[in-house]
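Notes follow once the structure below has been shown.
The values are calculated or read from the model by the stated rules, or taken from the named source; none is laboratory data. It should be emphasised that the depicted structure is a prediction, and the values quoted were computed from it without experimental measurement. We place every Cβ from the backbone using ideal geometry, glycine too, and count neighbours over all the protein chains shown.
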Amino acid sequence: MKLLPLRIVEDELGVSRWTLYQWIRTGRLAVIKVGAHYRVSTSEIERMRQAVTTQVQGVTNDGKKAETHC
């Protein structure tokens, strides 16, 4: 299992560091704390990449069509 620092995860997922910290705080992103630093497994990055892609395509995690508000 390869563990990556948040600066790499930002680029991999295309999100900001602030977003990553929010996901960590809410439990959406599973991390391993090494000393004072967070590390994310490559399998977790792939899981999140699929989740982000699914949401961008307009489908929620439960498979239902996401509502759009205009």
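Annotations
- Filtered residue count, region 32-56, keeping only those that are in contact (Cβ under 8 Å) with a residue 40 or more places away in the chain and either touching a Cys at 6+ places or on another chain (Cβ under 8 Å) or not in a helix (DSSP H, G or I) (or both): 1
- Among the candidates Leu20, Leu4, Leu29, residue that is part of a helix (DSSP H, G or I) and either crowded, with 16+ Cβ neighbours inside 10 Å or in contact with a Pro (Cβ under 9 Å, 6 or more places away or on another chain) (or both): Leu20
- Among the criteria (1) of a type in the set (Gly, Ala, Ser); (2) modelled with pLDDT of 95 or more; (3) exposed (fewer than 10 other Cβ atoms within 10 Å of the Cβ), the one Ser43 does not fulfil is (3).
- Residue ID - surrounded by the most Cβ atoms within 10 Å (Cβ to Cβ), chosen from residues in region 7-17 that are part of a helix (DSSP H, G or I) and either of a type in the set (Lys, Arg) or in contact (Cβ under 8 Å) with a residue 24 or more places away in the chain (or both): Val9
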